[in-house]
Structure formats: C-alpha cells, structure tokens
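Engineer: After the structure tokens below, expect a handful of questions from me.
Values in this text are rule-based calculations from the coordinates and carry no lab data. Every value quoted in this text rests on a predicted model; they were computed, and no experiment measured them. Here the Cβ is made from the backbone with ideal geometry for all residues, glycine too, and neighbour counts use every protein chain on show.
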C-alpha cells in the first residue's frame with residue numbers, strides 16, 4: 001500500500017505537467033471528439049517549432065476514462081460524422097472497449113486513473129511523445145520500519161526522490177475537456 005501511494009504521488013506529479021503544454025485542444029465544458037483528437041495528433045506530427053521538429057513516434061495519450069468514453073461515443077454514435085462509418089470500421093475496438101493498448105490514429109491511449117475532475121467536471125489529459133516530458137529518479141524506493149512504543153505499533157515508511165519537467169513543449173498537447181459522469 002505504501003509503494004502504491006508513492007507511485008500514485010509520482011503519477012500525479014507527471015499529470016500536473018500536462019497543464020504546462022502551450023497547445024491545448026477541446027476546451028472547458030466541451031466533450032472531446034475524434035476530430036479534436038485527430039487535430040491534436042496532426043499538430044504533434046507537424047514541424048511546429050524548427051528547434052524541435054515534429055514529435056518523435058510513438059505518440060501516447062493519457063486521458064480520464066470519461067474522456068475516453070466520449071471518444072468511443074463519437075466513434076460509435078450513428079448521429080455523428082464519425083459514427084457514420086463503413087461497416088466493420090472500429091467494431092473490434094468497440095467490442096473490447098479500451099484495454100490499455102488500443103490505438104486511435106496510431107496513438108496508444110491510456111486510462112489515466114489518477115487524472116481528476118475539476119470543480120466544473122472537466123479534466124486535463126494529454127497527447128504527447130515520450131520526449132515531451134522527463135522523469136528523473138535519484139534513488140530506488142527506500143522502505144523503513146520503526147518501532148513506536150508509545151503507540152504500541154510499528155511505523156512503516158517509503159521514501160524516494162524524483163523530479164519531473166517538461167522537455168519539449170511542442171511535443172505535447174493538453175486535452176482539456178468535459179469529463180462529467182455519463183451515468
């Protein structure tokens with residue numbers, strides 16, 4: 001449990017970096033759709049900054065599960081342009097739901113379990129190349145144990161040092177969209 005909480009803290013530190021990307025798609029109170037997702041991918045694969053060039057492949061997306069649900073809805077709803085697709089297109093994807101290794105426009109999509117909603121029901125996920133962000137760990141996790149006689153208990157702790165930073169701003173896109181519960 002202690003190790004899991006340490007990893008959750010590390011994950012949340014990385015998620016806070018998504019807010020620093022200068023390019024943002026969708027917008028508050030609007031649901032993400034396939035067109036926005038495709039536009040974000042196109043932005044990353046375009047030479048938007050000659051100092052960096054196009055984002056190196058592979059690209060990844062980390063999204064709140066309700067953002068993923070909105071993309072699936074856009075693909076599957078017959079009332080949308082994406083929903084009016086040829087028979088067979090995406091059927092396998094829809095039947096399996098998103099299992100963590102599925103791709104849309106070649107981008108692997110992850111359910112960011114630690115991405116939270118803000119007070120308006122919106123979430124900030126991201127589309128990015130692994131070159132966009134950096135995580136440096138100073139040491140391995142150190143587990144400690146200390147006997148506390150006054151509590152008649154043993155106190156456990158886990159300690160680790162790390163730092164995270166944005167490396168290449170043009171290689172990441174913030175996905176800020178509505179993530180209100182659908183049920």
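Engineer: Using the scaling law 2.2 N^0.38 Å as the reference, what is the normalised Cα Rg of the chain? Before the final figure, lay out the partial values.
Structural biologist: Numbers: Rg = 19.5 Å, N = 183, 2.2 N^0.38 = 15.9 Å.
Working it through for the chain, the quotient is 1.22.
Engineer: Moving on. For the chain, what's the relative contact order in percent, using C-alpha pairs closer than 8 Å and at least 6 residues apart?
Structural biologist: Computed value for the chain: 36 percent relative contact order.
Engineer: Let me ask you something else. On a 0 to 90° scale, report how tilted helix 34-44 is relative to the longest principal axis of the chain, with both axes built from alpha carbons and the result rounded to the nearest 10.
Structural biologist: Once rounded, the angle reads 70 degrees.
Engineer: Let me ask something additional. So, by mean Cβ neighbours within 10 angstrom, what's the order for 61-71, 150-160, 128-138 with the highest one leading?
Structural biologist: Going from most to least packed, we get 61-71, 128-138, 150-160.
Engineer: A further question on this structure: Measure nothing but the geometry: give the 0 to 90° angle between the long axis through the Cα atoms of 2-17 and the longest principal axis through the Cα atoms of the chain, rounded to 10°.
Structural biologist: The two axes meet at around 50 degrees.
Engineer: What distance in nm separates the simple spin-label points at residue 9 and residue 158, each placed 7 Å from Cα in the Cβ direction?
Structural biologist: Going from the residue 9 label point to the residue 158 one covers 1.0 nm.
Engineer: If r is the Cβ-Cβ distance from residue 139 to residue 183 and R0 is 35 Å, what FRET efficiency results, to the nearest 0.05?
Structural biologist: 0.20
Engineer: Compute the acute angle (0 to 90°) between the alpha-carbon long axis of helix 65-76 and the principal axis of greatest extent of the alpha-carbon atoms of the chain; round to the nearest 10°.
Structural biologist: Helix 65-76 sits roughly 20 degrees off the main axis of the chain.
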